[in-house]
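We did not get these values from a lab; they are worked out from the coordinates using the rules stated. Remember, predicted model here, so these are calculated numbers, not experimental data. All Cβ positions, even for glycine, are placed from backbone atoms using ideal geometry, and neighbour counts span all protein chains on display.
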Amino acid sequence: MQLGIIGLGKMGGNMRTRLRAAGHEVVGFDTDTSLSDAEDLTDLVSQLAAPRAVWVMVPAGEPTRQTIQALASLLSEGDIVIDGGNSRFTDDQVHADLLAESGIGYLDVGVSGGVWGPENGYALMVGGDKEHVDRLMPIFDGLKPPGEFGFVHAGRVGAGHYAKMVHNGIEYGLMQAYAEGYELLAASEYVDDVPAVFKSWREGTVVRSWLLDLLDRALDEDPELAEIAGYATDSGEGRWTVEESIRLAVPTPAIAASLYARFASRQDDSPTMKAVAALRQQFGGHAVKAKNETE
């Protein structure tokens, strides 16, 4: 099957590689001409036979909106656009409605797999009409892992990105739990070999997972994580998950706490903890450290 891919970074470029290995014809476009198979979007569309399918893998927000607006004027009735980036689910119906004015279909696909996707396959969470999903199944089959798992038609337009948002929220909580366990083990006077403890958990335990395997790999490379700064960004999906939990009155304390922990990691001298220390001194006479004592 033929497919156009816009955006050939770490995800899009690796997806092109996996699809070509599966026997599909992929035409890719990227602003980096050394990666691109097409000169521009017009050239990419011209290289595809109708009815076309174009997969967008560019940063969420304005870059995705601009790309879909451009495709709305370049594609034809019967074509399909797939947004595989980390777009907010509320953007999907807007994109679908814009494309529908020209008879162009739309699917939103949450993609998980990271840099390991070419080897292991990508988990795909799809939102949109069944007829469009069915038409793209050869592409989805080429991307997903072998076997029965790794793909879901989650529901209507927006469902794919919604599922991926919740997936990432869960990921935040899992990573935070492993990280807190690491710090507790490292602080203990009882445990002599923290990396070995994590390695032992990879088989036979209820906490085994791919994330645990990756943490073990990181500890093999740097047993004390000395080369990594204690600073973690967030892509936005953890925030959206917490916002949705508030909207629907669904308690998500673990996910919320893991998001706030990331915020705390970005503060060199936390104003919150300054206030806590000041209050403890005021009501209990507890000692506080002067700023120069902590530097």
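The per residue volume of the convex hull around the alpha-carbon atoms of the stretch 2-156 is 99 Å³.
With point charges of +1 on the Cβ of Lys and Arg and -1 on the Cβ of Asp and Glu, referenced to the Cα centre of the stretch 165-267, which listed residue (Ile255, Ser188, Gly230) lies farthest in the positive direction of the dipole? Projecting each Cα onto the dipole axis, the largest value belongs to Ile255. Taking θ as phi - 60° and the Karplus parameters 6.51, -1.76 and 1.60, the scalar couplings of the stretch 142-158 work out to x, 8, 6, x, x, x, 7, 9, x, 9, 8, 8, 6, x, 6, 3, x Hz in sequence order, x denoting glycine and proline. Label the stretch 1-81 by shape, choosing from rounded, prolate and oblate, from the square roots a ≥ b ≥ c of the eigenvalues of the Cα gyration tensor; if a/c is under 1.5 it is rounded, and otherwise prolate applies when a/b is larger than b/c, oblate when it is not. It is oblate, given that a/c is not under 1.5 and a/b is not larger than b/c. Selection among Leu8, Phe149, Pro138 by position relative to the dipole of the stretch 2-156 gives Phe149 as farthest towards the positive end (Cβ unit charges, Cα centre). A Gaussian network model of the chain, with springs between Cα atoms under 10 Å, assigns the largest mean-square fluctuation among Gly114, Gly12, Gly236 to Gly114. Coupling constants for the stretch 231-247 follow from the phi torsions by the Karplus curve (6.51 cos²θ - 1.76 cosθ + 1.60, θ = phi - 60°), and in residue order they are 9, 10, 8, 9, 7, x, 6, x, 4, 5, 4, 5, 4, 5, 5, 5, 4 Hz; glycine and proline get x. Shown for the stretch 232-295 is the translational diffusion coefficient from the Stokes-Einstein equation, using the Kirkwood radius over Cα pairs, a temperature of 20 °C and a viscosity of 1.002 mPa s: 152 µm²/s. Here the stretch 165-267 is described by how far its Cα atoms reach on the three principal axes: 45, 34, 23 Å, from widest to narrowest. The Cα-based radius of gyration of the chain, divided by its Kirkwood radius, gives an Rg/Rh of 1.06. Top mean-square fluctuation among Ser34, Ser76, Ser258, Gaussian network model of the chain, C-alpha springs under 10 Å? For the chain, modelled as a Gaussian network with Cα springs under 10 Å, the answer is Ser34. Summing charges over all other residues whose Cβ lies under 15 Å from the Cβ of Ala50, with Lys and Arg as +1 and Asp and Glu as -1, gives -1. Among Thr272, Thr17, Thr252, the largest mean-square fluctuation in a Gaussian network model of the chain, built with springs joining Cα atoms closer than 10 Å, belongs to Thr272.
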